[in-house]
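Written below as structure tokens is the structure these notes are about.
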Amino acid sequence: LVEQMFSGVGQCVTVCNATIGLMMALKYATRHKDTRVARYVIMPSFTFAAAAHAALWAGFIPLFCDIDPDDWMASHESENELLRQYGEQVAAIFPYATFGNATDIARYTALEKQTGIPVVIDAAASLGAHDALGQGFGTGSPHAIVCSLHATKTMGIGEGGFIYANNPDMIEALRAMGNFGFGQIRHATMPGLNSKLPEIGALLALSGLERLESVVERKRRIEQMYYDLLPGFGFQQQRGARISYQFMPVRLPPRYAPYRHAILERMKEKRIGTSTYFSPHLHEQSYFAAHSKAGDLHATRALASSIVSLPLWHEMTPEMVGYVCQELMNACHAADM
């Protein structure tokens, strides 16, 4: 995995699922923090529920920042405002590489050095994505990069994940944490749980790695078809050289966004599977609203209320993509009549 995806740089440890990986990475990163003072984890509200659950299970309160309206990742202005407002109460910064987009790791490395606040990067959908240099996203990162191998991802094995970092001490500690905290033989020296990836999952992952590059390239061609066939619709601004999309996220034009439910119902009637990642966003969900704090989330609300996830798998034909796009436009026009 490290040789193929990260140019042989760094190390990784596998986990039974990425949620457990996020919990472990946050626990490790904040091991020196006084939780009576540092209570908050800054993170976007435009992400999956697992991220907020991980922060809560690690003993912290999610502090939701807004997103950039173009690349859909955490807004640096919003993060900075929350850092100014909450200061030493912030235990960690927890950006999400949204849909596999290449978040600015160098910026977070500098921010950690400046503030002393550790960073953990949720890269759930990033396996197969490339940064601006064409390297596997996260290559050389001193921060924990947590990736998912869930069945919905480009390389899904059913359930599983891994934590990558160019930090041998971190990986050694995380491996011990995931083995009941056994820093010594049958002797717990740190917080622990059982995060081990079953052997069958590891075998499926090794097999999937052999096909990953061809799968991602096929999906990139399909991705381009969507761009060409849906003029006027909104797409995520890519910050790296490649995103490894698990589905095709599309933003409805403002004219059609109020009719999203009717549009998706018509797509369902046409037997086209769609979804709305991530809508409702986390601060709109009752449990997280009651157990978190948030800054101004106007860009998050705007995107979450207009996003649609379209099908994208590597064996789709041009005819299939054309059918999906035509029916989406038909559904939009019908809803607006």
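Here are some notes:
- Among beta bridges that DSSP assigns inside the chain, antiparallel share in %, nearest 5: 60 percent
- Alpha carbon Rg of segment 122-280, scaled by the compact-globule rule 2.2 N^0.38 Å: 1.30
- Measuring r between the beta carbons of Ile200 and Glu172 and using R0 = 35 Å, the FRET efficiency lands at 0.85.
- Across Lys219/Lys270; Lys153/Lys293; Lys219/Lys293; Lys219/Lys268; Lys27/Lys293, pairs whose alpha-carbon gap is larger than 32 Å: Lys219/Lys293
- Over the chain, dividing the summed -39,500 (n - 2.57) contributions of all DSSP H runs of at least 4 residues by the number of residues returns a 222 nm mean residue ellipticity of -12000 deg cm²/dmol.
- Comparing Val119, Val324, Val90 in a Gaussian network model of the chain (Cα springs below 10 Å), the most mobile by mean-square fluctuation is Val324.
- Rounded, prolate or oblate (a/c below 1.5 giving rounded, otherwise prolate when a/b exceeds b/c) for segment 232-290 by Cα gyration tensor: oblate
- Evaluated at q = 0.14, 0.20, 0.22, 0.26 Å⁻¹, the base-10 log of the normalised Debye intensity for segment 141-214, with identical point scatterers placed on the Cα atoms, takes the values -0.53, -0.93, -1.03, -1.14.
- In nm, spacing of pseudo-spin labels at Ala241 and Arg36 (7 Å Cα→C-beta vector): 5.1 nm
- Relative intensity of the chain on a log10 scale, I(q)/I(0) at q = 0.08, 0.13, 0.15 Å⁻¹, equals -0.38, -0.99, -1.28, per a Debye sum over C-alpha point scatterers of equal strength in the absence of solvent.
- Along its principal axes, segment 42-150 has C-alpha extents of 36, 28, 27 angstrom, given from the largest down.
- Counting only protein heavy atoms and a 1.4 Å probe, the chain has 45 square angstrom of accessible area per residue.
- Inverse mean reciprocal Cα-Cα distance (Kirkwood Rh) of segment 187-337, Å: 18.2 Å
- Of the residues Leu212, Leu282, Leu203, the one that moves most in a GNM of the chain with alpha-carbon contacts below 10 Å is Leu203.
- The GNM of the chain, with springs linking C-alpha atoms under 10 angstrom apart, assigns the highest mean-square fluctuation among Ile243, Ile263, Ile93 to Ile263.
- Pairwise FRET efficiency - Asp228 versus Asn330, Cβ, R0 = 22 Å, nearest 0.05: 0.80
- Carbon/sulfur fraction of accessible area - the chain, other protein chains in place, 1.4 Å, %: 53 percent
The values are calculated or read from the model by the stated rules, or taken from the named source; none is laboratory data. Being a predicted model, the structure only gives us computed values, none of them experimental. Backbone-built Cβ (ideal geometry, glycine too); neighbour counts: all protein chains shown. Side chains are part of the model used for accessible areas, which takes the heavy atoms of the whole protein and leaves out ligands, DNA and RNA. Shrake-Rupley method; radii C 1.70, N 1.55, O 1.52, S 1.80 Å.
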